[in-house]
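Below: the structure, in structure tokens.
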Amino acid sequence: MNKPLLARSVCPHDCPSVCALDVEIIDSRTIGRVRGAKDDPYTAGVICEKVARYAERIHHPNRLTQPLRRIGKKGEGRFAPISWDAAMDEIVARFRQIEAEWGPEAIWPYHYAGTMGHVQRDGLDRLRNAMGYSQQYDTICTGTAWPGYIAGTGLLGGVNPEQMAESDCVVIWGTNPVHTQVNVMTHAIRARRERGAKLVVIDIYRTPTMEQADMPLLLRPGSDGALACAVMHVLLRDGLADRAYMATHTDFDAAFEAHLSTRTPEWAAPITGLSVEEIEAFARLVGTTPRSFFRLGFGFTRQRNGAINMHAALSIPAMTGAWQHRGGGAFHSNSGTWKLDKRLLTGADLARTSVRELDMSEIGPVLTGDEKALFGGPPVKAIFIQNTNPANVAPDQTLVRQGFEREDLFTVVHEQFMTDTARYADIVLPATMFLEHNDYYTRGGHTRVLFGPALVEAPGEARSNFAVINELLERLGVSHETLGLTDREVVAETFRASGYGDLEPIAAQGFIDRERPDAEARFAQGFAWPDRRYRFRPDWPAVAALKAYRWAGEPSQMPVFPDYWDVNEKTDAEHPFRLATSPARAYLNSSFAETPGSKKREGDPSLLMTSADAEALGLAEGAAVLVGNHRGVVELTLRLFDGMRQGVVIAEGIQPNGAHRGGRGINTLIGSDPVKPFGGVAFHDAAVWIRPSAAH
Ligand SMILES: Nc1nc2c(c(=O)[nH]1)N[C@H]1C(S)=C(S)[C@@H](COP(=O)(O)OP(=O)(O)OC[C@H]3O[C@@H](n4cnc5c(=O)[nH]c(N)nc54)[C@H](O)[C@@H]3O)O[C@H]1N2
Ligand SMILES: Nc1nc2c(c(=O)[nH]1)N[C@H]1C(S)=C(S)[C@@H](COP(=O)(O)OP(=O)(O)OC[C@H]3O[C@@H](n4cnc5c(=O)[nH]c(N)nc54)[C@H](O)[C@@H]3O)O[C@H]1N2
Ligand code: SF4
Ligand SMILES: [Mo]
């Protein structure tokens, strides 16, 4: 038998690893195995199981292959096939009619990062910019993490994460890379194997990542700020702070030192649930190990005090001076370092001024007519969705569902599968997958920008986002440069405009390396604020100005320094448990919920609870439980797991709504109140009650 052809590609999913892939091409329509590229230094031949099994997803019998029109009730899931022409005619007619009656802001193009390819992901902005439709304020994922990081450094960038392999102490803080970005483990474990580095893992439950730690630190949810402050207290107390580094590279002053003087390990112990000895040992480890690498994740920022906690954790290497040493420093994301000029693909030249920007995380309040969320403007009468599944992943599902059930809302969903959101659509359009279109991908968790070419034909009548947006623009009478271009040409133009050079050599190699000089990445010549100093005292208005963030609260309410900020959802007699909804290994957000391998691995939607808590409630392994709060009730299967602090429960993953008895998904329990300072969702911060389900 002939060996299948191997082609280079890149994983399009919303994962910081953005792995370089070698894909077996069986024929013009069929792929075989998918492997991690061995010659890519960050991927290093390793990818997650779910993408290794990609043939299951791309060739899934349930892929959408033709446009559909709703014939059943909203959300019922009954559709009839129609032609692309008829679908487009109807969309354009409805958009025109709604615009005439309510104005263009009554139409809301809504997208996220189901594909991380910029041309296919962000092209929807051409439509909204051209037509004056409502803008989208992107908060759901990065809304708390990024501001917290930028508050310290002034720039969203850090030390090349490959250098974790040269570290003597890798601190994996608030991320579970065994599930969410497996390549972090490759480089962290290499440091342990080759240099005897210590691995510290800080989480709220005993994850498979924590299982591998030399120093596991199991916190109470939302208490990271307290831990960071106590660590800095010890560093100052014991002479482990690098005062010379702080004097030249930070805004460290007597006021901050006085603030930390009361943040003792004894103060932090009851807040965090750690012992004084654990806190002291962690402080000593990072205080005596110059090459300490802080790999800061998203998970610990999905708390109402999350932005503060990110900044507090990031402040530790600024105090030890770990930034000065190879293998030391910090990393969260390099998404602020690409210097891309995306004006062509977003249609920035068409943008109108003073169009309202609706918060994507507040889709529930927006669709149910909340005046504040709508900025007092017209109701949303049409929504056009690409690359996201808000009827499953967005918070406050009771409102989201009410919104999508509105008879007067015209919903179009462009999708690969019949998701919870597509089920609510009036028109469903079939979408291509990454191996069927061209795009480029920025690797937020590393330094490369990769090119992913179209390698196989799309099934049935599936069309790319790029093609669909261009056709809509054309039918709406817009003329724009992109209409005469292919997706590949837009990649080429974007690279050229960004000073990346010609696409052809980049495509042949598969990537362009955007690594910055090491000294720059570790802010050796100064941090990115005008005075070149790391800020222990954040200037939040300056952060807002840098990234066009808007306030979700009073600026004066923010803590002045890193601290334990006690603003999280409180447990009380009625809601005694704290719930976190941490990502599952075999799903990626709402994706892969349809693939057999992933379904088998994840099983029923379940709730992890300690045996002591279960015993107190009279509940046994496998019991059906109701989990609720004022937002709604969800049914889950109880799993005993003694890997959390008592009173903490974990529901891993975002299972499809329909996988739950009762049809209500986990985000029913999560609030959509914008997290301070600039919005975002506290996905791991909910107070709930738990009862046995009457059904069992
Ligand atoms: N409870 C809970 N909820 C969460 C989270 C959590 O931790 N807990 N995490 C949150 C986070 S961080 C995020 S980022 C969100 C993400 O949630 P989603 O935005 O729903 O993310 P995905 O599942 O990655 O992608 C959504 C859809 O994009 C589709 N898609 C992929 N490629 C294309 C394409 O090229 N064209 C089109 N038209 N569609 C495509 C996929 O089929 C998929 O259905 O979820 C959030 N929700
Ligand atoms: N398999 C898989 N991979 C994924 C995803 C997925 O759903 N599944 N989602 C993708 C997306 S969109 C993103 S944004 C990234 C996110 O990936 P990560 O940065 O890893 O963030 P999370 O997965 O939200 O949470 C990571 C860990 O933080 C923990 N955590 C929650 N609250 C706290 C806290 O208060 N303190 C501390 N110390 N820890 C806390 C959670 O329990 C979880 O184990 O992963 C991506 N990769
Ligand atoms: S989901 Fe993440 S770890 Fe898995 S292949 Fe894609 S980029 Fe790599
Ligand atoms: Mo995310």
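Okay, residues lined up against (1) open to solvent by less than 30 Å² (accessible area, probe 1.4 Å); (2) charged (D, E, K, R):
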| residue | (1), (2) |
| --- | --- |
| Val478 | yes, no |
| Leu483 | no, no |
| Thr494 | yes, no |
| Asp513 | no, yes |
| Arg516 | no, yes |
| Arg532 | no, yes |
| Lys547 | no, yes |
| Gly553 | yes, no |
| Phe561 | yes, no |
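Just one of Cys11, Cys19 is within 16 Å of ligand 1 (Cβ to nearest atom) and either in contact with an Asp or Glu (Cβ under 8 Å, 6 or more places away or on another chain) or farther than 21 Å from Ala462 by Cα (or both); which is it?
Cys19
From the list Ala497, Ala552, exactly one residue is outside the structural domain of Asn305 (by TED's automatic domain parsing), under 20 Å from Leu156 (Cβ atoms), at pLDDT 95 or above and aliphatic (A, V, I, L, M). Which is it?
Ala552
Here is a check on your reading of the model: is Pro430 in a loop (DSSP other than H, G, I, E, B), at pLDDT 95 or above and touching a Pro at 6+ places or on another chain (Cβ under 9 Å)?
no
So which strands (runs of 3 or more DSSP E) stay within segment 547-647 end to end and still have 3 or more residues that are more than 16 Å from ligand 1 (Cβ to nearest atom) and of a type in the set (A, V, I, L, M)?
Filter on segment 547-647 gives 624-629.
For Phe678, state whether it is closer than 28 Å to Ala145 by Cβ, open to solvent by 10 Å² or more (accessible area, probe 1.4 Å) and either assigned by TED's automatic domain parsing to the domain that holds Asp370 or of a type outside the set (D, E, K, R) (or both).
Here the answer is no, as Phe678 does not meet what is asked.
Of the residues Phe641, Phe592, which single one is within 16 Å of ligand 4 (Cβ to nearest atom) and either in the same structural domain as Ala682 (by TED's automatic domain parsing) or crowded, with 22+ Cβ neighbours inside 10 Å (or both)?
The unique qualifying residue is Phe592.
Name the residue that is least open to solvent (accessible area, probe 1.4 Å), counting only residues in segment 293-313 that are within 16 Å of ligand 3 (Cβ to nearest atom) and under 20 Å from Ser672 (Cα atoms).
Once the filter is applied, the top-ranked residue is Gly299.
Tyr112 fails exactly one of the following numbered conditions: (1) within 16 Å of ligand 2 (Cβ to nearest atom); (2) touching a Phe, Trp or Tyr at 6+ places or on another chain (Cβ under 6 Å). What is the number of that condition?
Tallying (1) within 16 Å of ligand 2 (Cβ to nearest atom); (2) touching a Phe, Trp or Tyr at 6+ places or on another chain (Cβ under 6 Å), Tyr112 fails exactly one: (2).
Those residues that are at negative phi, part of a loop (DSSP other than H, G, I, E, B) and touching a Lys or Arg at 6+ places or on another chain (Cβ under 7 Å), I need them from segment 337-364; list them, please.
Correct list: Thr337, Trp338.
Scan Thr447, Thr421, Thr442 and give me the residue that is touching a residue at least 24 places away in the same chain (Cβ under 8 Å) and within 16 Å of ligand 4 (Cβ to nearest atom).
Result: Thr442 is the single residue among Thr447, Thr421, Thr442 that is touching a residue at least 24 places away in the same chain (Cβ under 8 Å) and within 16 Å of ligand 4 (Cβ to nearest atom).
Counting only residues that are farther than 24 Å from Ala458 by Cα, among the small types (Gly, Ala, Ser) and within 14 Å of ligand 3 (Cβ to nearest atom), how many does segment 38-73 have?
2
The values are calculated or read from the model by the stated rules, or taken from the named source; none is laboratory data. Since this is a predicted model, take the numbers as computed values, not measurements. Here Cβ is always computed from backbone atoms with ideal geometry, including for glycine, and neighbour counts include all displayed protein chains. Surface accessibility is based on the protein's heavy atoms, side chains included, excluding ligands, DNA and RNA. Shrake-Rupley method; radii C 1.70, N 1.55, O 1.52, S 1.80 Å.
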